[in-house]
1. Restricting to the stretch 156-181, count the residues that are open to solvent by 10 Å² or more (accessible area, probe 1.4 Å), touching a strand residue (DSSP E or B) at 6+ places or on another chain (Cβ under 7 Å) and not in a helix (DSSP H, G or I).
2. Among the residues of the stretch 491-509, write down those that are part of a strand (DSSP E or B) and either under 18 Å from the mean Cα position of the chain (by Cα) or not assigned by the TED database to the domain that holds E401 (or both).
3. Checking the structure you have, find out if any residue of the stretch 213-236 is in the same structural domain as F90 (by the TED database), aliphatic (A, V, I, L, M), touching a residue at least 60 places away in the same chain (Cβ under 8 Å) and touching a strand residue (DSSP E or B) at 6+ places or on another chain (Cβ under 8 Å).
4. Which residue pairs have Cβ atoms under 6 Å apart, sit 6 or more places apart or on different chains, and have a first residue in the stretch 250-269 that is without any contact (Cβ under 8 Å) to a residue 60 or more places away in the chain and a second that is of a type in the set (D, E) and surrounded by 24 or more Cβ atoms within 10 Å (Cβ to Cβ)?
5. What do you reckon, is A189 farther than 25 Å from L500 by Cα and touching a residue at least 24 places away in the same chain (Cβ under 8 Å)?
6. Looking at the stretch 433-461 only, could you name the residues that are of a type in the set (V, I, T) and either at positive phi or open to solvent by 50 Å² or more (accessible area, probe 1.4 Å) (or both)?
Amino acid sequence: MPADASTAGEIIAFLTLLDIPPKILTKCLAVEEDVSVPKPKKVLDTVMNPAYIPPEEKRGSYWKKSAATTLKAKLQETKNINKAKNGIMFIGDGMSLATVMAARTYGGQVERGLGEDNILEFETFPVTGLARTYCIDAQVPDSACTATSYLTGVKTKYGVIGLDGNVTRGACHPQLHENNWATSIGQWALDNGLDVGIVTTTRVTHASPAGMYAHTSERNWESDADIPDECLSLGCRDIAYQLIMNNPGRQFKVIMGGGRKEFFPNTTSLLLNSTGLRLDGLDLAEKWHEDKVEKNATHQYVTDRAELLKVFNSDDLPEYLLGLFNDDHMEYHMKAHNEPTLEEMVEVAIKMLSRSEKGYFLFVEGGRIDHAHHDSYARLALDETVEYAKAVRKARTLTDESETLIVVSSDHAHTMTVAGYPSRGNDILGAVDTAKGFDDKPYTTISYANGKATSIAADGRVDVTLQDRFINGALDYSYPSLVPLDSETHGGEDVAVFALGPWQHLFTASYEQNVVPHLMAYAMCLTEDKHDNCKRHRHFWTSSGEHNKPNVFSYVLSISAVIISFTFNF
């Protein structure tokens, strides 16, 4: 016998306190709010079958109170126009808005919740905007032109890094002319005496991190083995070489990610039963070491999680850190062995860079969201996004929003969609529970406009619910796509920008992606156009946003210093 709806709601609310998952609750207690609901005739008349609805959500007063709480918090916000001593830019490569929604739901369901009401860390940031991502020659961008955009403030052509639009992709001559170079916010920070670091889960020579230091007309020139002989003879240098041998890369205090093979000769055996790629015989890790010895600077090269944590736990951190944790890209989080997580790398980077009295700029990329999408591996893409959000949370807990500006965004979107009419709490990675297609076969909530999976067989659309890999949740299961391709493509829609810290209010509205580094640079006083607080001691201003109210203790210390200086001079 089904229980009365109101009674059932009270019972479920009580049992929830016992930490019994909602899906199990509904199997133990059938709740029928209206037993006379007729069978729907149209898709839009679909009857939902949620695993569980929190009883309080059924009352209009709950939602009115929730909205009032949000409004009150909004009204209490004040502008923080402090000088941003530090800046941290997070890029979730390929993190579309659909990916954010699906990852939020996935993360909540992993924690045994319904999922939809879960919130990723950066979604709690007070300011959000939208960035337009096209290249100057492409409607849908790649990670090279977008990295140039959000790191140098200059839009460029598809496949090009750190150069303006006067170049032709793959042409060497334009790469050699410094007038075509677009310098990054990392360079701007160094020019102002700040420390700089990069952290990524991809190869450190991949398109996104390369935007911090490289100038190349071809994003694929990661080692000298990738460059045509005629370009080598003209003096074009590969991305790995530029990172280690040229400014600004050789000045970075922290470099962490994958890509060992780009740094070693093809005669050198590496850790994962592979060899280096370089044909010029250079051992760039050794060159990095020699440069730091010449600078008389302490430094450490690490290759796995254990070595990194040893450095982190040391009482005497090195001045420079190079971490290459995989011969290629770092492994997906769900497959990794003895590789640090993105969260751990961010924690080490902030600990090292925070020693700078003048401040720092840190670039962080969750790069494997993109790679999972390219293979239509939705489960891995969502997990990588959740891990990325954990890294943002770690950065937030380790910094003070009165002096550190954190900006979270993506370089571009993907073709993944979240569609159908699944019930609340339905497995985000599962099949829609309320309906089937006209062919009487189930379909998944998540699918791709194009991608690796073949969705149409000789007998019609593939029924994924009959496939063992789908049923068992295989990590590398490719979700259905409409257009079969060897690799799923990027999407062209806008990406979200989330901001927290000094001058966060600048990041509202819709704008070109190349505006992002200019906004950060203004907040950090890295540009010629400086706001009033660039010239004032940062401790005079409070973290509550009351930027015109002096900190009395700092004021007294400053006055004392003036008196002492005057006394000695006298």
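1. Qualifying residue count, the stretch 156-181: 3.
2. At the first step, the residues of the stretch 491-509 found to be part of a strand (DSSP E or B) are 491, 495-500, 509.
Answer for the stretch 491-509, where residues must be part of a strand (DSSP E or B) and either under 18 Å from the mean Cα position of the chain (by Cα) or not assigned by the TED database to the domain that holds E401 (or both): G491, V495, A496, V497, F498, A499, L500.
3. Let us first name the residues in the stretch 213-236 that are in the same structural domain as F90 (by the TED database), namely 213-236.
Narrowing the set further to residues that are aliphatic (A, V, I, L, M) leaves 214, 225, 227, 232, 234.
Subset that is touching a residue at least 60 places away in the same chain (Cβ under 8 Å): 234.
Those still in the list that are touching a strand residue (DSSP E or B) at 6+ places or on another chain (Cβ under 8 Å) too: none.
The answer is no, given that none of the residues of the stretch 213-236 is in the same structural domain as F90 (by the TED database), aliphatic (A, V, I, L, M), touching a residue at least 60 places away in the same chain (Cβ under 8 Å) and touching a strand residue (DSSP E or B) at 6+ places or on another chain (Cβ under 8 Å).
4. E262/E222
5. No; evaluated as a whole, the condition is false for this residue.
6. So the first thing to find is which residues in the stretch 433-461 are of a type in the set (V, I, T), and the list is 434, 444-446, 454, 456.
Answer for the stretch 433-461, where residues must be of a type in the set (V, I, T) and either at positive phi or open to solvent by 50 Å² or more (accessible area, probe 1.4 Å) (or both): T454, I456.
Conditions (1) closer than 29 Å to G451 by Cα; (2) modelled with pLDDT under 95; (3) assigned to a helix (DSSP H, G or I), marked per residue:
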residue: K287; (1), (2), (3): no, no, yes
residue: E307; (1), (2), (3): no, no, yes
residue: M330; (1), (2), (3): yes, no, no
residue: M334; (1), (2), (3): yes, no, yes
residue: V348; (1), (2), (3): no, no, yes
residue: K351; (1), (2), (3): no, no, yes
residue: A372; (1), (2), (3): yes, no, yes
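Matching residues to (1) closer than 21 Å to Q300 by Cα; (2) small (G, A, S); (3) surrounded by fewer than 24 Cβ atoms within 10 Å (Cβ to Cβ):
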{"residue": "V204", "(1), (2), (3)": "yes, no, no"}
{"residue": "G211", "(1), (2), (3)": "no, yes, no"}
{"residue": "T216", "(1), (2), (3)": "no, no, no"}
{"residue": "P228", "(1), (2), (3)": "no, no, yes"}
{"residue": "R237", "(1), (2), (3)": "no, no, yes"}
{"residue": "N246", "(1), (2), (3)": "yes, no, yes"}
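The values are calculated or read from the model by the stated rules, or taken from the named source; none is laboratory data. All of these numbers come straight from a predicted model, not from anything done at the bench. For neighbour counting, all protein chains shown are included, and Cβ atoms are generated from backbone atoms with ideal geometry for every residue, glycine included. Accessible surface is based on the protein model in full, side chains and every heavy atom, while ligands, DNA and RNA are left aside. Shrake-Rupley method; radii C 1.70, N 1.55, O 1.52, S 1.80 Å.
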